[in-house]
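> Quick one: this structure, given as structure tokens, is what I'll be asking you about.
Every number here is computed from the coordinates shown, using simple stated rules; none is lab data. Predicted model only: the values in this text are computed from it and were never measured. Here Cβ is always computed from backbone atoms with ideal geometry, including for glycine, and neighbour counts include all displayed protein chains.
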Amino acid sequence: MKIAKNEIRRATATTTTATTATTTITATTTLLLLPLLPLLLLLPLLLLPLLSLLLLL
């Protein structure tokens, strides 16, 4: 019975570590991508005039 408890404890610790790592990676990725978000939103607006110019030619 004691061995089983230790196994459960170890499995729980591993799961917690994996969850923490995933959360950290997700948070870091989000923080890195946040500054790029406005650029991604502005990109179509910048491309529209170029497309209309090409159509006029």
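> Take residue 33 and decide whether it is exposed (fewer than 10 other Cβ atoms within 10 Å of the Cβ) and either touching an Asp or Glu at 6+ places or on another chain (Cβ under 8 Å) or assigned to a helix (DSSP H, G or I) (or both).
no
> Answer yes if at least one residue in the stretch 50-57 is among the small types (Gly, Ala, Ser) and within 22 Å of the chain's Cα centre (by Cα), and no otherwise.
No, the stretch 50-57 contains no residue that is among the small types (Gly, Ala, Ser) and within 22 Å of the chain's Cα centre (by Cα).
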